[in-house]
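Following: one structure in structure tokens, then a few remarks.
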Amino acid sequence: MSKILTLSLIFSLFNTISFSQDLRKRLGRTYSNPDSVDIILELEKQNLHTANDSGIYYFFVAEKYNRAFENALAHKTFLKSASLLDPKKSNDLISLCYIRLNRLEANSGNWDQALFYSQKGLENAIAGLDSNYMGYALLDISVVYHDMEDYAKGVEYGKKAHELLTHFTKSNPTFIAFALNAIGINFDDWDKPDSALFYHYKIFENIDKLDSSRITFTFNNIGNTLLKQEKYAEAATWIQTAVSLNKKDQDQYSLAANYTNLATIAYKLRDFSKAEIMMDSAFKYVQESQSTEKKKDYLEEQYRFHKAKGELATAMDYLEQYSTLKDSIFKEERVKMLGELEAKYQVQTKERELAESRAALIENELLVKNRNNQILLLVVFLLIILGVAFFIYYRQKTKNRHLEQEAKLQQIYAEQETQKQLNEQRSRISSDLHDNIGAQLTFIVSSLDNLKFFDLSKDKMAGKIDQISAFTVETVNELRDTIWAMNKDNISLGDLKTRLAGLIAKAKTACPQIDFELEIEDGLEEDRLLNSMEGVNYYRVAQEALNNAIKHSGASQIKIVFSKQNELVRVCIEDNGKGIDQKVIGNGLGNMRNRAERIGRDLKIESNLGQGTQVCIF
């Protein structure tokens, strides 16, 4: 029965190479530009400066011969490339040379030489510590033993390849798929279909990391195993999928296997005409692939096909051709050579393991010595760290002590400054009480004393007393305002607004014909603070301006507006009354100006006769 071998995807394998050198990148264009291969090679021939450059160049020349099925030239040129390449710079290309040589020999049925090149590839990969290509070499050996029908050894080496690749953290997922395939085809021809299908289906567990064009062999091989189980319809579905994928890549080797299997399904179902068509297609691709293995499978199926038809003479002719070809593949000296190569490989493996053990022992001794040195260095390092840590701790502790002392001094200074401000504020409030409330109380006392010296009628006496009473009430209100300010360290705009709102409410009751309004513009927060002296003088100016507007302006509308000017609070009292003559400044306006100056503010009065008045403090 036919199956697709892992190494059939010769051209797509180059996706795994990292073209780290410019020359490799430029020569790599021969894969994507098949019509320009000769031109690219001729141009790059001028850029070869080292033996390694020549090795890279001849690798791509060999690839050209390989794609053209010029096997002898390809074989010779791959050997030349491997001899020129520098293992330190292009170890992966050397491995690829041996992979190509393995396939060329295997396709010709030279299994002993195929095994020889696989072992050379393994030695090269081990020397370069390249686990990916070590795994590839092992799965190549597995395939060789499969083709030699030594399926137990084929499974053994396939599993070695799979184990190595799955334990390598940077393994190529496609190589793992190839290893699983090698195990699967050995189980398949060992008449263990369940195991074969297990490993073939296992490839699809990693399908998200794989390019479907790289694993077309899996579809054919599953179909091949199902065919042996006589599940013909299911087998045909898998194999037709493989045909569709392989036709896209023009993979003659794989197509030869696909059509041989489809022919087998057809004659098993007694559809001989279809089987003959499939056989013709298989023969075409066997010829084009030049594969001895595919030719052997084709001849064997032709024998069975004609035997099933009852054409015994033709069947015997194909059987004779099949036997002759098989005998040439399995001749005695070749089998003997394979045994010698296997023995040589086992000896090399033992020697390598022994060398690795010695190297591991030396390495352990070095590790112990290095570990002791590291411990000594660690102790010294810890002592240095402790010394630095103690220095930093001591310095930080001293710094913290200085900071604490500085904080205490700042606290004392802040308390003194606060006390000074409070004393200054008390002094200003005391001065205000003395200048305003004291003067007003003196005026009241004087007015009451003067009543003794005038002989006034009852009505005039009542009028005088009413005036003194009103003045007394005003004085009491001013005293309350002063006490309100003294009870607060700071006065917020909200407090000032509330106070003025109460003043407006009383004014509305006394003058219902006037429309009063209080407004705080956007951008001025009500929780903004003024000191108590500022608060009381803002209030007194607003109060005085409001009283003047009520008494003298004849206005129908009076508005108090809070706003912000140059980060300061601005309070304006506006009316639409008859205006004032600013040349004649009365006591009320003079008092307002004095209050503004007392707290370091400006007072601005804007008025035109007949156009209202605006008094602002800011």
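The values are calculated or read from the model by the stated rules, or taken from the named source; none is laboratory data. If you're wondering where the values come from, they're calculated on a predicted model, not measured in any experiment. As a convention, Cβ positions derive from the backbone with ideal geometry for all residues, glycine included, and neighbour counts pool all protein chains shown. Each accessible area value is taken on the protein alone, full model and side chains, heavy atoms only, with ligands, DNA and RNA left out. Shrake-Rupley method; radii C 1.70, N 1.55, O 1.52, S 1.80 Å.
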For residues that are of a type outside the set (D, E, K, R) and modelled with pLDDT of 90 or more, scanning just region 1-27, find the one that is farthest from Ile141 (Cα to Cα). Leu23
Here is a check on your reading of the model: is Lys170 surrounded by fewer than 24 Cβ atoms within 10 Å (Cβ to Cβ), within 23 Å of Trp111 (Cα to Cα) and not aromatic (Phe, Trp, Tyr)? no
Does Phe443 count as in a helix (DSSP H, G or I), surrounded by 15 or more Cβ atoms within 10 Å (Cβ to Cβ), aromatic (Phe, Trp, Tyr) and modelled with pLDDT under 80? no
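Yes or no, residue by residue, for (1) within 60 Å of the chain's Cα centre (by Cα); (2) outside any loop (DSSP other than H, G, I, E, B); (3) among the small types (Gly, Ala, Ser):
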| site | (1), (2), (3) |
| --- | --- |
| Leu500 | no, yes, no |
| Ile504 | no, yes, no |
| Glu519 | yes, yes, no |
| Asp527 | yes, no, no |
| Val536 | no, yes, no |
| Tyr539 | no, yes, no |
| Ala545 | no, yes, yes |
| Glu574 | no, yes, no |
| Gly577 | no, no, yes |
Return yes or no: is Thr324 β-branched (Val, Ile, Thr), at pLDDT below 90, open to solvent by 30 Å² or more (accessible area, probe 1.4 Å) and out of contact with any strand residue (DSSP E or B) (no Cβ under 6 Å at 6 or more places or on another chain)? yes
Of (1) of a type in the set (Asp, Glu); (2) surrounded by fewer than 24 Cβ atoms within 10 Å (Cβ to Cβ); (3) within 24 Å of Asn71 (Cα to Cα), Glu149 satisfies every one except (3)
Condition first: part of a helix (DSSP H, G or I) and open to solvent by less than 60 Å² (accessible area, probe 1.4 Å). Now tell me which residues in region 548-572 satisfy that. Asn548, Ala549, Ile550, Ser553
Hey, among the residues in region 123-146 that are open to solvent by less than 10 Å² (accessible area, probe 1.4 Å) and among the hydrophobic types (A, V, I, L, M, F, W, C), which one's farthest from Ser289 (Cα to Cα)? Ala125
Checked region 244-259 for anything of a type in the set (A, V, I, L, M, F, W, C) and either in contact with a Gly (Cβ under 6 Å, 6 or more places away or on another chain) or open to solvent by 10 Å² or more (accessible area, probe 1.4 Å) (or both); matches are Leu245
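Taking region 506-517, which residues are in a helix (DSSP H, G or I) and open to solvent by 50 Å² or more (accessible area, probe 1.4 Å)?
Those that are in a helix (DSSP H, G or I) and open to solvent by 50 Å² or more (accessible area, probe 1.4 Å): Lys506, Lys508, Thr509, Ala510.
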Out of region 185-204, which residues are closer than 10 Å to Tyr151 by Cα and crowded, with 23+ Cβ neighbours inside 10 Å? Ile185, Asn186, Phe187, Asp188
Note on region 135-172: residues of a type in the set (A, V, I, L, M, F, W, C), under 16 Å from Ala114 (Cα atoms) and over 43 Å from the mean Cα position of the chain (by Cα) are Val144, Met148
